[in-house]
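Input: a single structure, listed below in structure tokens.
The values are calculated or read from the model by the stated rules, or taken from the named source; none is laboratory data. From a predicted model like this one, the values you see are computed outputs, not experimental measurements. Glycine also receives a Cβ, built like all others from the backbone with ideal geometry; neighbour counts cover every protein chain displayed. All accessible areas refer to the heavy atoms of the entire protein, side chains included, with ligands and DNA or RNA removed. Shrake-Rupley method; radii C 1.70, N 1.55, O 1.52, S 1.80 Å.
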Amino acid sequence: TSSVFCVAADDAGNAVFYTGSWATVPIDAGNQLTSVSCASSSFCVAVDNAGNAAVYTGTWASPVSVDGTSQLTSVSCASSSFCAAADITGNAMTYDGKAWSSPVRADSHAAMITALSCASPGLCVAVDTDNYAFLFAPTTTVITTTPTAPQPLVGEAVNIEVQVPSAVAGRTPT
């Protein structure tokens, strides 16, 4: 998140920090960390292959189960009060700075979400193993996908349809 702060995750449950020099910190012994996201140098979330998430706010909290035993594949934090994580079955869950939501279907194809990036609580973009890219708006609703194959050319429009009924504003998609 800056030139003097960077975090990576390894498959031995460690966070690898750079704060001017490299350090390895065990945070999730026995599990493989699959993704880490930092909103700032004082807030990060790491997820693992057993459905757990660990939050960093200066020190790492113990991992907590957020998705039963499903492997979490990606996490993205737009701020310390909003993160989204995705799993191998097409579900996503959100973190509000205090607690995780229950998993909900985010990918209408129920494919493994391989990457997720959130610019804000209302806008996340994800891709899955079926070669679909889709918008996921956890604070509203969005579950319409468009295939990305064949790959669009640079500058070519990609059709992604977004549906946000006002009756469900503030809800996570089901």
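At-a-glance table
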item: Qualifying residue in region 121-130 (condition: modelled with pLDDT of 75 or more, at negative phi, of a type in the set (D, E, K, R) and not in a loop (DSSP other than H, G, I, E, B)); result: yes
item: Residue within region 56-66 that is under 17 Å from T114 (Cβ atoms) and surrounded by fewer than 20 Cβ atoms within 10 Å (Cβ to Cβ) present; result: no
item: Residue in region 59-71 that is farthest from A99 (Cα to Cα), counting only those that are outside any loop (DSSP other than H, G, I, E, B) and among the hydrophobic types (A, V, I, L, M, F, W, C); result: W60
item: Residue match in region 15-27 (condition: assigned to a loop (DSSP other than H, G, I, E, B), touching a Ser or Thr at 6+ places or on another chain (Cβ under 8 Å) and open to solvent by less than 70 Å² (accessible area, probe 1.4 Å)); result: no
item: Odd one out for A110 among (1) assigned to a strand (DSSP E or B); (2) surrounded by fewer than 19 Cβ atoms within 10 Å (Cβ to Cβ); result: (1)
item: Residue list for region 1-58, filter: over 22 Å from S102 (Cβ atoms) and hydroxyl-bearing (S, T, Y); result: T1, S2, S3, Y18, T19, S21, T24, S40, S41, S42, Y56, T57
item: Test for A50: is it in a loop (DSSP other than H, G, I, E, B) and open to solvent by 10 Å² or more (accessible area, probe 1.4 Å); result: yes
item: Residues that are surrounded by 14 or more Cβ atoms within 10 Å (Cβ to Cβ) and free of Cβ contacts under 8 Å to residues at least 40 places away in the same chain, drawn from region 28-47; result: D28, N31, Q32, L33, V36, C38, F43, C44, A46, V47
item: Positions within region 1-14 being of a type in the set (S, T, N, Q), open to solvent by 50 Å² or more (accessible area, probe 1.4 Å) and free of Cβ contacts under 8 Å to residues at least 24 places away in the same chain, in sequence order; result: S3
item: Boolean, D96 is within 22 Å of N14 (Cβ to Cβ) and either in contact with a helix residue (DSSP H, G or I) (Cβ under 7 Å, 6 or more places away or on another chain) or charged (D, E, K, R) (or both); result: no
item: Cβ-Cβ under 8 Å pairs, at least 6 apart or on other chains, region 105-118 side on the phi < 0 side of the Ramachandran plot, far side in a loop (DSSP other than H, G, I, E, B) and hydroxyl-bearing (S, T, Y); result: R105/T174; S108/T144; A111/T129; M112/T89; M112/T129; T114/T129
